[in-house]
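The values are calculated or read from the model by the stated rules, or taken from the named source; none is laboratory data. If you're wondering where the values come from, they're calculated on a predicted model, not measured in any experiment. Counting neighbours? That spans all protein chains shown, and the Cβs are built from the backbone with ideal geometry, glycine included. Just so you know, the surface numbers come from the protein's heavy atoms only, side chains and all, with ligands and any DNA or RNA stripped out. Shrake-Rupley method; radii C 1.70, N 1.55, O 1.52, S 1.80 Å.
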Amino acid sequence: MAEGRFITLEGGEGAGKSTQIQRLAERLRERGATVCVTREPGGAPGAEAIRQLLVTGETTRWSPKSEALLHFAARAEHLERTIRPALARGEWVISDRFTDSTIAYQGQGVGLEFINQLKALVVGDTMPALTLILDLPVETGLARARQRHSGEDSAEDRYERMGTEFHERLRQAFLNIAKNEPERCAVIDASGDPAAVATAIWQTVEQRLTPPLSRNCH
Ligand code: TMP
């Protein structure tokens, strides 16, 4: 059976990850790959329930440690019920966020040592083969995200409300992860139009992961 591939997309608010994931999945499916599109926090029933506790409500509702633990509890469900089974079936798994988000977001409140220990326990060696970090200026991303959420009754905007300095540190944290792990990570300029971003993403996937050439080759 074909070996599954694990790809994650990361980045700050309003980077356009969901649109890009749909485009990438479509392109891979055209080549005959079976693709599992998923997200964090979420991607499994219990993890989606935990998501509601994390993305809504007061910015200060969790202590930094509880918040990191909740993200890893959701991730444990996601890995066991969705990601690992899909990879075992030979599928391409594309996740909208994964452990790098916990390092970038929660790493600002708890030490990295705490997160790295949880990562070793929960994720183990199920790390992505490729992580695409969608980078764009903080103000551009936040403006896009606010526009997306305007008019929603219960917006999932708890992290968006955390202030510009938080988001500037977040951007740097993602860029640092990419610098420290260049073999796994690629930084994609997400400030351009969606078609240009999709092209940059596809070129990176082709270079790094050699997707199937056509439906007939599968
Ligand atoms: P999104 O689906 O719009 O990306 O929203 C999920 C939010 O959760 C986003 O603001 C980032 C945040 N988040 C963390 O803070 N830590 C994590 O580990 C993950 C996966 C997401």
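The table below gives the values:
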{"quantity": "Among the candidates Leu70, Leu79, Leu28, Leu87, residue that is hydrophobic (A, V, I, L, M, F, W, C), under 18 Å from Thr8 (Cα atoms) and open to solvent by 30 Å² or more (accessible area, probe 1.4 Å)", "calculated": "Leu87"}
{"quantity": "Output for segment 147-185, where each listed residue is without any contact (Cβ under 8 Å) to a residue 60 or more places away in the chain, within 13 Å of the ligand (Cβ to nearest atom) and touching an Asp or Glu at 6+ places or on another chain (Cβ under 8 Å)", "calculated": "His149"}
{"quantity": "Failed condition for Gly109, given (1) surrounded by 19 or more Cβ atoms within 10 Å (Cβ to Cβ); (2) of a type outside the set (Lys, Arg); (3) within 11 Å of the ligand (Cβ to nearest atom)", "calculated": "(1)"}
{"quantity": "Residues of segment 112-140 satisfying the condition of being over 24 Å from Glu80 (Cα atoms), open to solvent by less than 20 Å² (accessible area, probe 1.4 Å) and either modelled with pLDDT under 95 or not in a helix (DSSP H, G or I) (or both)", "calculated": "Ile133, Leu134, Leu136"}
{"quantity": "Failed item, numbered, when Asp100 is tested on (1) within 10 Å of the ligand (Cβ to nearest atom); (2) open to solvent by 10 Å² or more (accessible area, probe 1.4 Å)", "calculated": "(2)"}
{"quantity": "Glu13 vs. criteria away from the ligand (no atom under 15 Å from the Cβ) and modelled with pLDDT under 95", "calculated": "no"}
{"quantity": "Failed criterion for Arg148 (all others in (1) open to solvent by 60 Å² or more (accessible area, probe 1.4 Å); (2) assigned to a loop (DSSP other than H, G, I, E, B); (3) not polar (S, T, N, Q) hold)", "calculated": "(2)"}
{"quantity": "Failed criterion for Gln172 (all others in (1) within 30 Å of Gly90 (Cβ to Cβ); (2) open to solvent by 70 Å² or more (accessible area, probe 1.4 Å); (3) of a type outside the set (D, E, K, R); (4) in a helix (DSSP H, G or I) hold)", "calculated": "(1)"}
{"quantity": "In segment 32-48, residue farthest from the ligand (Cβ to nearest atom) [restricted to those that are in contact (Cβ under 8 Å) with a residue 40 or more places away in the chain and open to solvent by 60 Å² or more (accessible area, probe 1.4 Å)]", "calculated": "Thr34"}
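Residue-by-condition table, conditions (1) within 29 Å of Phe166 (Cβ to Cβ); (2) more than 11 Å from the ligand (Cβ to nearest atom):
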| position | (1), (2) |
| --- | --- |
| Glu30 | no, yes |
| His71 | yes, no |
| Ile83 | yes, yes |
| Ala88 | no, yes |
